[in-house]
Structures are given as structure tokens and as C-alpha cells.
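Take a look at the structure below.
The values are calculated or read from the model by the stated rules, or taken from the named source; none is laboratory data. Predicted, not measured: the structure shown is a model, and the values here were computed from it. Here Cβ is always computed from backbone atoms with ideal geometry, including for glycine, and neighbour counts include all displayed protein chains.
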Amino acid sequence: MTITRDGFAPPASEAVTRTVSLTIDGKTVSVPEGTTIWEAARDAGIDIPVLCHDERYDAVGVCRMCVVDTGGRVFAASCVRPCDPGMEVTTSTPELERSRAVLTELLTVDQPPREEDPKQTTTADNELISLADQYSVGAVEDLFAGPARGKDASNPVIAVDHDACILCDRCVRACDDIQGNDVIGRSGKGYSTRIAFDLNDPMGESSCVTCGECVAACPTGAITNKAINNIPIQPKEKLDAVDTVCPYCGVGCALTYYVDRERGGISFAEGRDQPGSQGRLCVKGRYGWDYAASTQRLTKPLIRVESSYPKGALSQDVKAESDRDVVRKGRGEGKGEGKGKGKGGRKPGGLVPYDEVMPHFREASWEEALDLIASRLKEIHTEGGPGTIAGFGSAKCSNEEAYLFQKLIRAGFGTNNVDHCTRLCHASSVAALFEGVGSGAVSTTYGDVANADVAIITGSNATANHPVASSFFKQARRNGTKIIYVDPRSGTVADHADIFAQLKPGTDVALYNGIMHEVIRLGLIDRDFIASRTSNYDELARTVEAYPPELAAQISGVPVETIREIARLWGEAKAGVIYWGMGISQHTTGTDNARCLIAMCSITGNVGRPGTGLHPLRGQNNVQGASDAGLIPMFYPNYQPATDTATREVFERAWGTSLSPENGLTVTEVIKSILDGGVRAMYMLGENPFLSDPNINKVRKALSQLEFLVVQDIFLTETAEFADVILPASSYLEKDGTYTNTDRRVQLGRKVFDPPGEARVDWEIVQEIARRIGLDWNYESPREIFDEMVPLMPDYANLDYDNLGAGGKLYPIEDPDLTDGTVVLFDERFNTDDGLAHLVPAEWLPAKELPSEEYPFVLNTGRLLQHWHTGSMTRRSFALDAIAPRAEVYMHPDDAAALGLAEGDLARVASRRGEIVLNVKVSHREVPGNVFIPFHFREAAANLLTIDEIDPTGKIPEFKFCAVKVAPELASGTAESNGVPVGASDSKGGV
Ligand code: SF4
Ligand code: SF4
Ligand code: FES
């Protein structure tokens, strides 16, 4: 990889900045033109009190606390007043102090008594109270307080006390300028003025996304955090601060947990400064950490009892329809009857029913469980050979754990049958990037959007899936970057876009070919770049020649004018960047879709400079790192081909054993192989394919058919119901390790708590199994594993635990002590053998299962802001579950009306593979003929419906497109209690 620019700071401006000289309290200072007096004073070590000002936001100068004497007619607000040459500033005089004291007194009148103040009685850092102390302002009794403005407790984790609000507008700026959510404003006049959520709605009913940025901004007790899990919020000095990284998405926001050691819980979380996330968090990072303290954590190894063989699912709703009938008949139960709280035997909450599943397992000692695992795996391996064993690792685990897991499968069992959920999110993007630019990682960061004049965001509901990255996209637009949003759904990003191209699902290749056709026709290609940096342009040009905008419009549904407008904007951009999500990758044409994006950037020279490049937004917190570390069946660590002899010899030498020369099976291929009698035993670390893989009925059959299954997890998952042995693992909060985010930033995650009960750290468990199957492993810490990995991974060169620093480092990096790492890759050459970008033309192909008369709707699946994957963490988080408690099918109002469905009604959604029942969400964000179902909810598992056709290159399933029908479900109530067995059915025989 080549390096363009070290460090995260924007490129140094070539313009000469003028300076101005002035005196502040008699001290002469020189500052760049445009510096405010407050900033100049701060840099000179002089403190000026502020209230409405916070350096994170643009100054508005509404409170006048920061006034200084500049010799003018009136005092000047130093937070907004720029320095003038020769200015003489005095920051403290008796008159100024009196002005500040009076202001403090006036603001204090309406405040709650300090012993009841929501901020002072929790974090004890109310800035107004601290000013009152500074100016000796006590309780004000000779002034009348205004009429009460009320409290708002409608949000589950944020409390609003309007009486404590001083109208400083910090929350408004945090919401608008930082997060770009535009929810908070002001309402009312005069004394009754107060901050307002949307149209003065209760916060919990407004469009607020509970990112908590307003809480972080508010200087008083007006907006504060509520306690979660009965752990009181206390002053920071009384709590233990643990600097770590958010465990959810690939944005990898840095945060600090404030831990109450006495009560053994987290009191609250706060965003931490880091060059990427810059202190921002979304609802999951700020409020979604209490899952680890769930009483449902697994704390002892479990072994399936003899009477629970032959194997199969154990809970009512994980069983197939036919199994359930057998069970019901056996119990003398009729359809819709059963035991439990709901009429159909279902329990509210959408979690695995422990009372149904646990009796099928007995507790065991670690020795017994580990010995059993080793002996069964060895037995099957000896009998059937390496191909009988497969392992799924986890993108939630650390780099070190991913590295050890793939090493165990490869070195311990002689097979490359090791994969993880990257197969289900960006495998096709990685395949196209490898082929095109020789590297599967992003070529620039999400923050680099600030340097782009045009950014295309495509196939990504970024505000829900990568919320903090999306806040940078929105901020860039406010600063002049043109945003082009391309997606079949009108996600919230569309509200912030200059151009929204709402294409028909599965038509991306046609659309991008049409745009490229027009770019070429207008002569807006970068001929020098094409000539010197790419190959195969002529072939590409020939292919896109056949896609005039008119044809692209006809296929994609995007108007011709819009296609032309996008082409012109993109072609004329001095710096253009493309961010994409799973709407691009999760298709049987996913690799072709990504090939088009690579070509779009390459023919316009939009790679290798600030504000340009290619960025597939990675899903899980460590999917980039797990892939880097070799948790992929065709690559050793650092994407070194498993079939390459020289590479294999390197790893054979390093690991001291012979290795398989053949590529292993991918996640989707493993399922098929089990059914064909190939793979017979599996080690599943932190994966839950029962809910995450397509066509659940097929997965159910495969899992039942496995001779031996080890599941290592923190909760009883649906997949664990099929296990022979379940091992209690550690959550993210219970171990140290490194994690690599979507930007290639390698960061240290730090241990907050010990694992509960007898649960153990994952890398230790993997090592125990390795030792029992004959590997001589003696790692004592993740640091030691990292030190073994790095010499085998050229991209991670120069990194170690000690130089990652507080904010982590972007790989590749030459000197971690001096820089933050490399933002922009490929400034001079690509990572391919010949250093050129390989342009690969793609012809448009329709999706595999098109709508028909019987199945007229297109189903799109994806995530919600509040939930994560199969929900095992987020549905055990109080805040996240409270905000988004139930499964819903999102439908356009016209479609809903035509079917006689209204918001909240029950609908039965069926595909050729299965059916589910769930509530209707009427949504203007869908297009008619399309429905969207999030895949987190086991009680209405979207993957019962999805198709398991895969992209031929990336082997990723077509999660974004299959044909379904929708019909009203006559029973009323919620999907959990309607008496219908909603979890699984096999209407067309499954496989
Ligand atoms: S709620 Fe807090 S941050 Fe918002 S205007 Fe009031 S005092 Fe300022
Ligand atoms: S954007 Fe992603 S990493 Fe950041 S707080 Fe939200 S879930 Fe966590
Ligand atoms: S802090 Fe400057 S006007 Fe409020």
C-alpha cells in the first residue's frame, strides 16, 4: 500500500494565514486572523467563564457570561467577537464580575433547588451552580420565578426538566450541527420559551433518536441521563473510568464507561475524543451496554442430556412446524394452544425461553466439557478427515481471538473451513476490491468526506446502521459537500441529500452503468488517470456504451434527468468519494455492484487523494479486524491466499505444522455441506446462524443434522438449542483486545468487569481446546497473541499494544509514535500486482427470485438503529428494547391500504420458504411494491423468508431481494401473543 497523507488532520492549507496582535490583560498575543477573544485568552492561559459556549459547537453568543471589556461602548461577548489588531482586552474588572454575578443570579431564579437539581444530584457538574458558587450567589428569594415550564420523562433514558433550562441552545447545536438530527428547537415566547422536540412533542414521542448528544451538551440539569439497571449516576470522581471502544458497529466510536465498582455496574457512558468519532456516540454506544449484566448470562459449561437426543431445536418457536405438531399432539394440545404466558406458548420479549431449553442440558465442569469437545472433534476428524470439521468465528471478538480461532481450525484440524459473518455483509465488496484495487480495506475514512465536494452514499441506511459516520456525512453537506443518496428506501439520509435516486431494488449495475455511460459521453473522465493508473478501460467503456441513461432509467426507475444530473455532478467533482452499505453487497450481483463503484471512482480519478475513494461501511465492530486476522476460508491473515504455496509455507513455518492447500468452505457453503454429509462437526464462536443466515428452515435442518456442535456464547441463542456442548464466554466488556474499525483504525478495547460465574475469556477457551487436540499453545495474554500476528500481517506492521495510544492508529502506519496513520491509500499505485486498478465491466442481471402473481412484493431486510444483528445483546438492553420492542413490516401507505392494513395491525408475510406474522408499520419511506423487515426479531425471523441464492464470487446471500406476499392476519394484538406460532414454518418444504 502506498501512503499519501499521514495523520488525520485536513491537508495543510497553502494559503498564508494572517495573524493579528492584541493585548489581553496586558499580555501581548498574536493569533491567526478570525480567532475569537475567548480562544486567544484560552491559548494565553486566561480563563473567561462561559455558559452558552462550548468549543465543540459554533459560538452563538446568547448568554453574555463571557463578556470582556475591549474599551468599546458596551462589553463584548468574547466567545463570538474576533480579535482585532491592536485591541486591548480586559477580562476581569469589578464591573465585569458584577455583570456576570447578576446574570448568574437571574438565571438561578428558576432553577430547581440544588439539592433537587437533576445534574447536581447525579454527576454534580452543573455549570450554572458552579458559577453561582464562584460568584457567591445563593438561593434567590427576592425575585419571582416564572411559570413552571414542566418536566418530560417520556424518553426511557433521558430526563428533561424545562425549569432547569437556561436557553443556552447548546443542545440545539449538538442536535443540529454535530449529530445532524435537527430535532431540537425552541417554542413559545417570552417567559414561556422552552426547548422543543419537533413540534413541541414529548421527547419520547418525537423523532429524537436518543443519541444523548444533548445530554453531553447541557450545562444544567435540564437534560440528564436516567439511571439504567438501578446503577445510580454519580460524580465521575466516585466512579472508575474505563477508556474503551463501542461494542456494536464498525464505526468504532471511542467511549469511556464510568463504573460503579461497589455495585458492580456501569453508571453511564460518555463519548471519548478520538480522531474518527470525535467524542460522538449513538444510542447503542451511549445507552446499550447493560446487556452484559443480564441475569440470563451463561455462567457454567453445559452438556446436552442423553434424553435430548436425537438432536433438534428445543423451544417451541425454533422447532419447525412439523416438530411442533408432534410436540403438541404428544401433549394433547391443539393449534394455538400451549403453555406459557401467550396463548401460543410464546413469551413476551423475543428471547430464547430458558425454561424450555435449559432442562435439556446439565451443568458440567470446564474439564469435562473441554475434554468431551476435544475427544468428539478428534474422533470425527480421524474418521472423516479434515473436511468434516468447520468453525464459525465472530466479528464481535477481538483481532487476537479471531487470529487464534482461525489458527486452531487451520493448524489443529488441517482445514480452511473457517469463516464468519463477513460472508453475510461485505464479502462481495471485499471480493471486488481485491480484484480491482488489490486490498479489501477502505481506501479512505468516513471523516474524509469533509474533503470531498461530492459524496455518493449508496445501499446504506447510514443513519441507522452507522449513525456516527452519518453525522459526519450530514455535517459535510452543511459545509458544502454535495450528497448523492442512492437507495430503494427513502432512509433518513435522503432527507439530507442534494440528490436522492430511489432505484428499484436490484438494479444498481444498470444505474451505475448508465451514469458511467453519461460521464464518458460528456467527456468528464480523467484520461490521464485512466491511462496511467487503470487497466481494461476499453472493455468497460464498451460495456457501459450499451447502457444509455434512458435504458438505465427504464431498468432502475430513476428518472433520466436524475441520472444525467448525477453523472455531471460526479464527473465534474474535484474530489468524489463513495460510501456503500449492504444494499450494494447483499445481492447475487453484489460483486458486480461493487465493481461498478470501483469503476465509477477510477474513470474519474477519484481515488488516492483527500476526499476521494472507496469505503464499504463495515457492519460489526470488528468485522474488518476479523477478516484481516484470517477468519476467511480463502485467506490467511492479511488476505494472503490459502492456495498460494509460498504463503502456505510461511504459515507452516510460523505455526510449525502442515496446512491445507485448498480453500475452505464459506458460511453458506458449510450449511449445504452439512446437508450433503460433508461437514459433520462444528465449533461456533459467537455466531447465531439460526437467525442470521438466509432460509432458516434449511439452517434448522443442517444444525439438527450435525453430529457434534459446540456453541461458545454469552447467552443461550437459537443456535445453541442444537448444541451438544455450550461454553459460557465473555462479553466485550470482560476482556482486553484490539479491534479494527471500518476506517482501518486499530484500537484497544479494555476490560471493564470480570466474566460472570465460571464464564471465561474467549481466547483462553480456544487455547484450552487447542491444547487438548495436541497443539502446544502457551499464550498468556492478548498482547502476546498480537505480537505473534503482526509479523505475519504486513498491513499491521509497526503496531503494538504500547503505541496504539488512546485513539488507536490507522493502518498502514510507518511511525505510530509520530502519526495517527494513513487516511488515504493508493496515491501512487494500487495494491494489485501491476499497481493498476483493474476495471471489471458488469452486465445487469435481475435478482434471482422476482415478484410474481402469487408473491407480488419484494422483501428487503436490514437493521434498525436500536438493534444489532440477532438481537441477543440489544434485546437485553433496557434502553434499546424499550425504544424498539417489536418486529414490524414496513409498508408503503398505498400497499397497506390496498390490503386493508393499518399501522399496528397484524400481517402474515410469506415467501416460498416460510412465513411469519408481525405488526404493520406504515412508512412513507418505502416504495410501493416493496416491504422491509428488520432481521433482529426471533419471533418474526425475517430469514425464514429470505432466499439462499448466493453471489457466485463473494458467496454472499441475496438478503436484499426475494418475493413475498402479505395478507392481513385476523387475530388481533401483537405478534407475541396472537396465538399463532410465528417463529417458524415450512410451508413449501424448506430446502
Ligand atoms: S436544555 Fe440544556 S443545553 Fe438545551 S438550551 Fe436548555 S440549558 Fe441549554
Ligand atoms: S455509531 Fe456504531 S460504534 Fe458509534 S456509538 Fe453507534 S453503534 Fe457504537
Ligand atoms: S458564553 Fe459567550 S455569550 Fe454565552
*asked:* Please go through the stretch 648-667 and give me each residue that is more than 33 Å from the chain's Cα centre (by Cα), of a type in the set (Val, Ile, Thr) and assigned to a helix (DSSP H, G or I), ordered by number.
replied: VAL650
*Report yes if some residue within the stretch 429-441 is among the aromatic types (Phe, Trp, Tyr), under 24 Å from LEU748 (Cβ atoms) and not assigned by TED's automatic domain parsing to the domain that holds GLN712; otherwise report no.*
no
*asked:* When the residues of the stretch 89-131 are narrowed to those that are touching an Asp or Glu at 6+ places or on another chain (Cβ under 9 Å) and within 30 Å of GLU33 (Cβ to Cβ), which ends up surrounded by the most Cβ atoms within 10 Å (Cβ to Cβ)?
replied: VAL89
*Hey, among the residues in the stretch 26-60 that are surrounded by fewer than 19 Cβ atoms within 10 Å (Cβ to Cβ) and among the small types (Gly, Ala, Ser), which one's nearest to ligand 2 (Cβ to nearest atom)?*
GLY34
*Between a first residue in the stretch 717-728 that is part of a helix (DSSP H, G or I) and a second residue that is among the hydroxyl-bearing types (Ser, Thr, Tyr), which pairs have beta carbons less than 8 Å apart while being 6 or more apart in sequence or on different chains?*
GLU721/SER315; PHE722/SER704
*With ALA77, ALA44 as the choices, which residue is over 24 Å from PRO235 (Cβ atoms), within 11 Å of ligand 3 (Cβ to nearest atom) and without any contact (Cβ under 8 Å) to a residue 24 or more places away in the chain?*
ALA77
*Condition met for LYS474 (more than 16 Å from ligand 3 (Cβ to nearest atom), surrounded by 24 or more Cβ atoms within 10 Å (Cβ to Cβ) and basic (Lys, Arg))*: yes
*Taking the stretch 469-503 on its own, how many of its residues are more than 26 Å from ARG744 (Cβ to Cβ), in a loop (DSSP other than H, G, I, E, B) and in contact with an Asp or Glu (Cβ under 8 Å, 6 or more places away or on another chain)?*
5
_Could you check the stretch 532-578 and list, in sequence order, the residues that are assigned to a loop (DSSP other than H, G, I, E, B), within 18 Å of ASN606 (Cα to Cα) and of a type in the set (A, V, I, L, M)?_
ALA573, ALA575
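Residue by residue, here is whether (1) within 16 Å of ligand 1 (Cβ to nearest atom); (2) more than 20 Å from ILE46 (Cα to Cα); (3) among the polar types (S, T, N, Q); (4) in contact with a helix residue (DSSP H, G or I) (Cβ under 8 Å, 6 or more places away or on another chain) holds:
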site: ARG73; (1), (2), (3), (4): no, yes, no, no
site: SER78; (1), (2), (3), (4): no, no, yes, yes
site: CYS83; (1), (2), (3), (4): no, no, no, yes
site: GLU88; (1), (2), (3), (4): no, no, no, no
site: ARG100; (1), (2), (3), (4): no, no, no, yes
site: PRO112; (1), (2), (3), (4): yes, yes, no, yes
site: SER130; (1), (2), (3), (4): yes, no, yes, no
site: SER136; (1), (2), (3), (4): no, yes, yes, yes
*Find all pairs meeting these conditions: Cβ atoms under 6 angstrom apart; at least six residues apart or on different chains; first residue within the stretch 262-286 and touching a residue at least 24 places away in the same chain (Cβ under 8 Å) and among the aromatic types (Phe, Trp, Tyr); second residue surrounded by fewer than 24 Cβ atoms within 10 Å (Cβ to Cβ) and assigned to a loop (DSSP other than H, G, I, E, B).*
PHE268/ILE233
*asked:* Within the stretch 693-702, does at least one residue satisfy the condition of being within 23 Å of the chain's Cα centre (by Cα) and either touching a residue at least 24 places away in the same chain (Cβ under 8 Å) or not assigned by TED's automatic domain parsing to the domain that holds ALA629 (or both)?
replied: yes
*Please specify each residue of the stretch 133-154 satisfying the condition of being more than 16 Å from ARG194 (Cβ to Cβ) and either at pLDDT 95 or above or not small (Gly, Ala, Ser) (or both).*
ASP133, GLN134, TYR135, VAL137, VAL140, GLU141, ASP142, LEU143, PHE144
*Check ALA654, ALA594, ALA629 and return the single one that is closer than 30 Å to GLY285 by Cα and either among the basic types (Lys, Arg) or not assigned by TED's automatic domain parsing to the domain that holds VAL544 (or both).*
ALA629
*Enumerate the helices (runs of 4 or more DSSP H) found wholly within the stretch 344-426, keeping only those where 3 or more residues are of a type in the set (A, V, I, L, M, F, W, C).*
366-384, 399-407
*Report yes if some residue within the stretch 250-258 is of a type in the set (Phe, Trp, Tyr), within 16 Å of ASP743 (Cα to Cα) and more than 16 Å from ligand 1 (Cβ to nearest atom); otherwise report no.*
no
_Can you tell me which residue is surrounded by the most Cβ atoms within 10 Å (Cβ to Cβ) among those in the stretch 407-437 that are over 29 Å from ARG376 (Cα atoms) and hydroxyl-bearing (Ser, Thr, Tyr)?_
SER429
*asked:* Quick test for you: out of ALA494, ALA450, pick the one residue that is within 23 Å of VAL927 (Cα to Cα), surrounded by fewer than 22 Cβ atoms within 10 Å (Cβ to Cβ) and of a type in the set (A, V, I, L, M, F, W, C).
replied: ALA494
_Enumeration of residues in the stretch 149-168 that are surrounded by fewer than 20 Cβ atoms within 10 Å (Cβ to Cβ) and within 16 Å of ligand 3 (Cβ to nearest atom)_ = LEU167
*For ALA174, work out the one condition from (1) within 22 Å of the chain's Cα centre (by Cα); (2) more than 16 Å from ligand 3 (Cβ to nearest atom); (3) within 30 Å of CYS63 (Cα to Cα) it doesn't fulfil.*
(2)
*Under the condition of being farther than 30 Å from GLY581 by Cα and among the charged types (D, E, K, R), which residue from the stretch 243-270 is farthest from ligand 2 (Cβ to nearest atom)?*
GLU262
*Does the stretch 186-206 contain at least one residue that is surrounded by 18 or more Cβ atoms within 10 Å (Cβ to Cβ) and within 16 Å of ligand 2 (Cβ to nearest atom)?*
no
*May I ask you to verify whether ASP528 is closer than 30 Å to PRO856 by Cα and among the acidic types (Asp, Glu)?*
no
*From GLY212, GLY185, GLY204, grab the single residue that is more than 16 Å from ligand 3 (Cβ to nearest atom), among the small types (Gly, Ala, Ser) and on the phi > 0 side of the Ramachandran plot.*
GLY212
*Is it fair to say GLU39 is of a type in the set (Asp, Glu), more than 25 Å from VAL172 (Cα to Cα), in contact with a strand residue (DSSP E or B) (Cβ under 9 Å, 6 or more places away or on another chain) and not in a loop (DSSP other than H, G, I, E, B)?*
no
*Determine if the stretch 923-932 includes at least one residue that is assigned to a strand (DSSP E or B) and more than 18 Å from GLY491 (Cβ to Cβ).*
no
